[in-house]
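Asker: So that we are looking at the same thing, I have put the structure below in structure tokens.
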Amino acid sequence: MAIEKMTMPQLGESVTEGTISSWLISAGDTVQKYDPIAEVTTDKVTAEVPSSFEGKITEIVAKEGETIPVGETICYIEVEGSSAENKEETAEKPSKKESEKPKDESAKTRYSPAVLRLSQEHNIDLTKVVGTGAGGRITRKDITKIINNGGIKSETSAPDTKPKQESKVEKTPELPKMTESTPVSVSNGDKEIPLTSVRKAIASNMVRSKHEAPHAWTMVEVDATNLVNYRESVKASFREKEGINLTFFAFFVKAVAQALKEFPEVNSMWAGDKIVQKRDVNISIAVATDDALYVPVIKHADEKTIKGIAREISELAAKTRNGKLTSDDMTGGTFTVNNTGSFGSVQSMGIINYPQAAILQVETIVKRPVVINNMIAIRDMVNICLSLDHRVLDGLVCGRFLARIKEIIENISSETALY
């Protein structure tokens with residue numbers, strides 16, 4: 001028999017860790033290949049993790065509620081195999097000689113909010129910590145181990161093999177000191193609500209986005225009168241024919257997709273030493289549930305009709321609220337559009353969906369008096385608000401991008417194709 005290990009899978013492009021929401025098996029259980037063994041939550045999705053092997057669960061390493069880095073062991077499973085294979089597979093730690101070989105340190109300076117918080121609270125110099133995560137990334141377990149051991153010791157310090165020189169590493173700015181240990185007074189009648197794994201993941205990703213990406217913000221006012229009139233004239237027949245609602249949001253997503261093709265700079269991501277301009281236009285749409293916010297993705301939105309986009313919006317929203325989203329539904333997004341107008345907002349500043357470079361908020365359409373040709377008219381007006389990563393984008397290209405969306409929406413007419 002051989003012992004195989006199951007590791008935390010990567011449930012998204014930028015996902016580096018996941019939280020075990022619940023185990024669906026126990027030690028001693030026999031599972032088939034592809035049987036679900038655990039439910040894992042990230043900032044992007046809640047998904048079931050299937051077994052990669054057929055065999056017997058011998059040990060569960062990760063506890064429910066514990067956050068585990070991608071690639072780290074979560075459980076062991078006994079499978080059919082030779083004794084020789086068994087020796088190879090049960091070898092958990094490399095030899096001292098192997099451990100001294102040069103390591104991939106590409107992610108060493110990518111610190112999670114939890115790592116930053118703990119290091120600041122316990123005065124730990126992260127530049128002296130050897131990370132055990134992928135690419136040398138420092139994990140929360142690394143910091144916790146150092147704290148439990150009373151501080152950094154020689155075995156956890158990186159060897160000083162180079163002559164001393166002025167450090168070129170920028171000092172990481174401190175995060176706000178609002179942590180779970182921050183005292184908050186609780187009075188009679190106050191309600192304490194435990195954080196769910198989804199809420200923790202959302203909080204972590206939002207802090208990371210605001211901490212790493214210098215946000216800038218701009219807004220454009222759009223006359224949506226033609227859109228309102230056109231949709232009003234076709235929404236009943238569309239509903240009868242397609243079985244779904246023709247929403248204003250579908251028109252805006254289509255306009256954004258078209259504008260992204262014309263301004264590909266906006267369809268980009270910051271990658272440390274370079275900017276990655278994405279080829280595909282995959283639009284993430286924000287969908288809220290009672291206690292969380294998810295961003296499923298409309299893939300190749302620029303190639304879809306308004307009808308096709310409307311159907312995907314309807315299907316993804318239903319899957320979100322029914323808890324049926326898959327990791328594939330949540331991955332690949334290059335730009336996010338948020339329908340904040342659905343709950344009456346007229347102006348908002350969205351937090352960028354990291355590692356994307358921008359997020360667009362579509363506000364509610366309201367009737368307002370507008371001056372047209374020196375005359376006052378009542379028009380259907382809407383604000384579109386853009387938050388952008390100023391490392392990637394500047395005001396000029398973003399202004400042109402918003403102007404193009406404005407032009408597309410204001411020129412909608414009875415000739416606009418839905419199919």
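The values are calculated or read from the model by the stated rules, or taken from the named source; none is laboratory data. It should be emphasised that the depicted structure is a prediction, and the values quoted were computed from it without experimental measurement. Glycine gets a Cβ as well: all are built from the backbone with ideal geometry, and neighbour counts include every protein chain shown. Areas reflect the complete protein model, heavy atoms only, side chains present, ligands, DNA and RNA absent. Shrake-Rupley method; radii C 1.70, N 1.55, O 1.52, S 1.80 Å.
Asker: Exactly one of these conditions fails for F248: (1) in contact with a strand residue (DSSP E or B) (Cβ under 7 Å, 6 or more places away or on another chain); (2) of a type outside the set (D, E, K, R); (3) open to solvent by 10 Å² or more (accessible area, probe 1.4 Å). Give me its number.
Answerer: Result: F248 fails condition (1) only.
Asker: Shifting gears a bit: Quickly run through the range 306-329 and pick out the residues that are of a type in the set (D, E, K, R) and touching a residue at least 12 places away in the same chain (Cβ under 8 Å).
Answerer: Hits for the range 306-329 are K307, R311, E312, K319, R321, D329.
Asker: Is it true that A358 is of a type in the set (G, A, S), over 23 Å from V266 (Cβ atoms), open to solvent by less than 20 Å² (accessible area, probe 1.4 Å) and out of contact with any Asp or Glu (no Cβ under 6 Å at 6 or more places or on another chain)?
Answerer: Considered against the rule, which asks whether it is of a type in the set (G, A, S), over 23 Å from V266 (Cβ atoms), open to solvent by less than 20 Å² (accessible area, probe 1.4 Å) and out of contact with any Asp or Glu (no Cβ under 6 Å at 6 or more places or on another chain), A358 comes out as no.
Asker: Same structure, new question: Return yes when S106 is open to solvent by less than 30 Å² (accessible area, probe 1.4 Å), assigned to a loop (DSSP other than H, G, I, E, B) and modelled with pLDDT under 85 and no when it is not.
Answerer: So S106 fails the test.
Asker: I need the full set of residues from the range 283-305 which are touching a Leu at 6+ places or on another chain (Cβ under 9 Å), without any contact (Cβ under 8 Å) to a residue 60 or more places away in the chain and assigned to a strand (DSSP E or B), in order please.
Answerer: Passing the criteria: I283, I285, V287, V297, I298.
Asker: Quick one: how many residues across the range 268-288 are within 16 Å of the chain's Cα centre (by Cα) and open to solvent by less than 60 Å² (accessible area, probe 1.4 Å)?
Answerer: Looking only at that region, the number is 10.
Asker: Only residues that are modelled with pLDDT of 70 or more and either assigned to a strand (DSSP E or B) or open to solvent by less than 40 Å² (accessible area, probe 1.4 Å) (or both): list them for the range 71-102, please.
Answerer: T73, I74, C75, Y76, I77, E78, V79
Asker: Do you know which of the residues in the range 211-231 that are open to solvent by 50 Å² or more (accessible area, probe 1.4 Å) and within 19 Å of the chain's Cα centre (by Cα) is nearest to R400 (Cα to Cα)?
Answerer: Checked the range 211-231; the qualifying residue nearest to R400 (Cα to Cα) is H215.
Asker: Let me ask another. Just a yes or no: is a residue in the range 181-191 surrounded by 15 or more Cβ atoms within 10 Å (Cβ to Cβ) and without any contact (Cβ under 8 Å) to a residue 24 or more places away in the chain?
Answerer: No: zero hits.
Asker: Identify the residue in the range 10-29 that is open to solvent by 40 Å² or more (accessible area, probe 1.4 Å), closer than 19 Å to L325 by Cα and not polar (S, T, N, Q) and, among all such residues, is nearest to the chain's Cα centre (by Cα).
Answerer: For the range 10-29, the residue satisfying everything is E13.
Asker: Please determine whether any residue of the range 255-266 is open to solvent by 10 Å² or more (accessible area, probe 1.4 Å), closer than 24 Å to E221 by Cβ and free of Cβ contacts under 8 Å to residues at least 60 places away in the same chain.
Answerer: Yes - at least one qualifying residue is present in the range 255-266.
Asker: Looking only at the range 201-210, which residues are surrounded by 17 or more Cβ atoms within 10 Å (Cβ to Cβ) and either of a type in the set (F, W, Y) or out of contact with any helix residue (DSSP H, G or I) (no Cβ under 8 Å at 6 or more places or on another chain) (or both)?
Answerer: A201, I202, N205, M206, S209
Asker: Do we have any residue at all in the range 363-380 that's modelled with pLDDT of 95 or more and under 16 Å from S209 (Cβ atoms)?
Answerer: Scanning the range 363-380 turns up no residue that is modelled with pLDDT of 95 or more and under 16 Å from S209 (Cβ atoms).
Asker: Among the residues of the range 361-396, which ones are closer than 30 Å to G272 by Cα and open to solvent by 50 Å² or more (accessible area, probe 1.4 Å)?
Answerer: Correct list: H390, R391, D394, G395, L396.
Asker: Follow-up. List every residue pair whose Cβ atoms lie under 8 Å apart, where the two residues are 6 or more positions apart in sequence or sit on different chains, the first residue falls within the range 23-52 and is closer than 19 Å to T289 by Cα, and the second residue, located anywhere, is basic (K, R) and part of a loop (DSSP other than H, G, I, E, B).
Answerer: Listed by first residue and then by second, the contacts come to nothing, as the list is empty.
Asker: Which residues, counting only those in the range 109-122, are more than 22 Å from M8 (Cβ to Cβ), at pLDDT below 75 and in contact with a helix residue (DSSP H, G or I) (Cβ under 7 Å, 6 or more places away or on another chain)?
Answerer: Correct list: empty.
Asker: Here's a follow-up. Give me the residue from the range 123-174 that is part of a loop (DSSP other than H, G, I, E, B) and of a type in the set (D, E) and, out of that set, modelled with the lowest pLDDT.
Answerer: Restricting to residues being part of a loop (DSSP other than H, G, I, E, B) and of a type in the set (D, E), the top hit is E170.
Asker: Spot the failing condition for G399; the list is (1) over 20 Å from the mean Cα position of the chain (by Cα); (2) buried (at least 16 other Cβ atoms within 10 Å of the Cβ); (3) under 18 Å from P214 (Cα atoms); (4) among the small types (G, A, S), and only one is missed.
Answerer: Status for G399: all satisfied but (2).
Asker: Then there's this: Would the range 30-47 turn up any residue that is more than 30 Å from P296 (Cα to Cα), open to solvent by less than 40 Å² (accessible area, probe 1.4 Å) and modelled with pLDDT of 80 or more?
Answerer: Scanning the range 30-47 turns up at least one residue that is more than 30 Å from P296 (Cα to Cα), open to solvent by less than 40 Å² (accessible area, probe 1.4 Å) and modelled with pLDDT of 80 or more.
Asker: Looking at G341, G332 in this structure, which one is on the phi > 0 side of the Ramachandran plot and not polar (S, T, N, Q)?
Answerer: The unique qualifying residue is G332.
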